[in-house]
Amino acid sequence: MMSRKNLLRSLTERKLTAVNSTPDTQSEAENSPAALSPAMERNRTRGAFGAITKSIDELAEKAQAAKEFEAKLLEGATVVELDPAMVDASFVADRMGDDHQAFDELVEAIRHRGQDSPILVRPHPDLEGRYMIVFGHRRARAAGVLGRPVRAVVKELDDKDHVIAQGQENSARADLSFIEKAVFARNLEREGYDRDVIMAALSVDKTVVSKMISVSNDIPSDIIRAIGPAKNSGRDRWYRIALKFRGGGASGRAGELMGSPEFQSADSDRRLELLTKHLESDRPKKTSTRAKPNGKAWAPNDRLVSVIAKSRPKGYSLDLTEKDAKPFGEWISSNLDSLYEAFRTSEK
């Protein structure tokens, strides 16, 4: 049986050979029908409808690739059941926030069909009797929500093999956005890993890694957190605003926009679009003042809810958006008696 290190090395070398080929070699490969994936070969001449079908097929192939990667890494291993409360997250984060709807769908799928594939964990390096997730965070969370054990494979991995396996599994799934990968690369570098490890973890070449780390370093972390993962946005828009921050003076202008109700109420991709246009405009634009002087935008540090308070001639309204808008609104509704009592007490 192939050893753990040889397995990781073989997977890494196979992935990096493609991204590190010379331009001539890449051109020949790209023009060769044999080099195209089945989905790309089927759809390359179908026009607009074909482009949609192509995207769906490629997502399905990415999901299958992730399953194959997991299967190879977990081949021959014993699957055990662990208490989700005994399993901790990876020591390096690879996601920004969570897709609430997708997670709910995962919970329902596991509720009805069970957990199809095990997660990968290793014995916690610092806490005896506990485990650390390498990949499968959402499956572990879903098991916790359902109150059932999580199916897992336990392997002895050092930190280096941990981050390579974690990064490659996520890259195979293709569900990390560009900025999430860029922040992951930056975090790995700050943890002390060299570029070769980061290249292996993300399955990209040295040039791409350098650009990712440059973007995530140029744009202030609080700006990235405020925008969010921007799942449907590619690297070009992030590059453009990174150049603005690199040139200096962009933080102040970004702050002008980020405090506006329009930015606060927008989703992540729209926030990135708004900031790009704002920074690339010839002169600072006045942000919307429709909610002022009687309006106010508010959001907590975790950005899980956004509130726009508006005063009207004969009333007052709160508009809640973002992931926790519904549960937070329901909590407010169920606590109106105590909130009103606190209000009356404050008047006294």
Just to verify a result, which residue in segment 216-232, among those that are under 23 Å from E189 (Cβ atoms) and not in a helix (DSSP H, G or I), is nearest to the chain's Cα centre (by Cα)? P229
Residue in segment 193-203 that is out of contact with any strand residue (DSSP E or B) (no Cβ under 9 Å at 6 or more places or on another chain), closer than 22 Å to S214 by Cβ, in a loop (DSSP other than H, G, I, E, B) and modelled with pLDDT of 90 or more present: yes
If I filter segment 179-195 down to residues being within 14 Å of the chain's Cα centre (by Cα) and of a type in the set (A, V, I, L, M, F, W, C), which single residue comes out as surrounded by the most Cβ atoms within 10 Å (Cβ to Cβ)? A185
Subset of segment 314-333 [part of a helix (DSSP H, G or I) and surrounded by 10 or more Cβ atoms within 10 Å (Cβ to Cβ)]: A325, K326, P327, F328, G329, E330, W331, I332
Matching entry among V107, V92, V87 (being crowded, with 19+ Cβ neighbours inside 10 Å and within 25 Å of D302 (Cβ to Cβ)): V87
I want to confirm something. Restricting to segment 137-178 and keeping residues that are assigned to a loop (DSSP other than H, G, I, E, B) and surrounded by 19 or more Cβ atoms within 10 Å (Cβ to Cβ), which single residue is modelled with the highest pLDDT? L157
If you go through segment 273-285 one residue at a time, do you hit one that is surrounded by fewer than 18 Cβ atoms within 10 Å (Cβ to Cβ), at pLDDT below 90 and in a helix (DSSP H, G or I)? yes
Of the conditions (1) basic (K, R); (2) within 26 Å of the chain's Cα centre (by Cα); (3) within 15 Å of P261 (Cβ to Cβ), K323 fails just one. Which one is it? (3)
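The values are calculated or read from the model by the stated rules, or taken from the named source; none is laboratory data. In this text the structure is predicted, and so the values were computed from the model without any measurement. Heads up, the Cβs are rebuilt from the backbone with ideal geometry, glycines too, and the neighbour counts pull from every protein chain shown.
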